[in-house]
Amino acid sequence: MDVHAIREYIPALQNCIYLNAGGIGPSPKPVTDTLIRLAQQISEDGPDGMAFSREEFTCAKETRAKIAHFLGVDADEISLLRSTAEGFDIVGHGLRWEPGDEVIFGGGDHPAARAIWAILARRQGIHPIRLDLRDDSPEAILEDARRLITSRTRLISLSHVTSENGLRVPARELADLAHAHGAYLMLDGCQAVGQFPIDLRELGCDFYAAGAYKWLLGPFGTGFLWVRRDLLPSVEPSWVGAGGTISFDPETGAWEPLPTGQKFEFGARYWPVVPAMGAAIDFVSGVGLDAIAARSRALVTRMCERLSGQPGVIEFAPRCAALRTGMVGAAVRGMEGKELAARLQARGIHLRANRGPHGLTGVRLCLAFFVTEDEVDRAADAIAEIAASR
Ligand SMILES: Cc1ncc(COP(=O)(O)O)c(C=O)c1O
């Protein structure tokens, strides 16, 4: 991978050390160019092409197909959304629940994938059951999940990759466990898409929702949902309006949704972000997901080596290497994560504070493929200097 050539396509990288792909990814030029070109077209030709959802303008079909290809599934199983939470809400509100149904969720899950279970506990009487992810081994996670699963479990809902320390769950084994108990597996792919190759049929999960604006480098406010084809009829649309229907009878109000994932796409939307999300998928696919994953792993190893042994610095990634992805945390003893983050930001290093183990707070270092070795070293040196100056 020619990292320096690739970086030329990402303008933000010329101005800072960008270690916050897990917050929001920096847009490559083809993404921004698509947005600008379409905004210009709307301005010059009139906006009705957008309002009437013509494929040559919206590229909705094409983008669903790109997402599907990217994830190894079919385009009619994909819904174009604006965020991860929208996907979780669609599935959560769309399935039928009985009081006492159990949902196992991850203790470190983002509210995007977690708030829905609290709402359904209140409204439908479901029981959310918390699974704290141990980072010693995939087997430890499975052992805990086996302990929690019961005949009442309807769904296991987890981050594919957690946002605090980048722990990647053993998805295939969790899917097998869920299915053996007649339950489903839903994954939050927001921190996973764009980090490594994903084949959802191989993973064996049932529902997968993700934002496209982190490691995938799509525009902010874009995302998607995949619902396994045979489960589409079981997920009733809860938010409806114009679009997503086979028919709507203005006389009677009778309404019939499409049988595809498109049934969850309703109402007015700002279409230019959709082809721009497609441009992001093309960009990341062009770099190559295998190469991206290998590079991030190497950068994480380098960062851990640079940080370990520095006085007052604690680095934290999942203890088991098999659970790691492109993120590592770092804390300075006796310093709040927010303060450390602010000091690093003042040096032009973009990142955010996060929580570590044992009540520690520190910063999250997202080592996406576009980060250079030199930037890893400079960030590690900056953390060591801050620790030494205390
Ligand atoms: C694991 C995870 N899921 C979801 C989100 C964001 O969700 P949404 O796209 O609904 O804003 C984040 C953002 O930080 C995240 O880390």
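The values are calculated or read from the model by the stated rules, or taken from the named source; none is laboratory data. Computed from a predicted model, the values in this text were never measured in an experiment. Note that we place each Cβ from the backbone using ideal geometry, even for glycine, and neighbour counts take in every protein chain shown. Note: areas computed on protein heavy atoms with side chains; ligands, DNA, RNA excluded. Shrake-Rupley method; radii C 1.70, N 1.55, O 1.52, S 1.80 Å.
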About the Cα centre of the range 52-159, how large is the charge dipole given +1 on each Lys and Arg Cβ and -1 on each Asp and Glu Cβ? Please answer in debye to the nearest 20.
400 debye
Solvent-accessible heavy-atom area per residue, rounded to whole Å², over the chain at 1.4 Å
43 Å²
Roughly how far apart, in whole Å, are the Cα centres of the range 322-378 and the range 136-159?
29 Å
Of all accessible surface on the chain at a 1.4 Å probe, what whole percent is carbon and sulfur?
51 percent
Roughly how many whole Å is it from the C-alpha centroid of the range 238-296 to that of the range 174-199?
20 Å
Would you mind checking the tilt of helix 84-94 against the longest principal axis of the Cα atoms of the chain, expressed as 0 to 90 degrees and rounded to 10?
40 degrees
Compute the acute angle (0 to 90°) between the alpha-carbon long axis of helix 171-180 and the principal axis of greatest extent of the alpha-carbon atoms of the chain; round to the nearest 10°.
50 degrees
Checking the table Lys214/Lys263; Lys61/Lys214; Lys66/Lys214 against a 20 Å threshold on Cα-Cα, which pairs fail?
Lys214/Lys263; Lys61/Lys214
Using only Cα atoms and rounding to the nearest 10 degrees, what angle (0 to 90) does helix 337-346 make with the longest principal axis of the chain?
80 degrees
Within the chain, the percent of DSSP beta bridges that are antiparallel, given to the nearest 5, stands at 55 percent
If I take every Cα pair under 8 Å that is 6 or more residues apart in the range 29-285, average their sequence separation and divide by the length, what percent do I get for the relative contact order?
26 percent
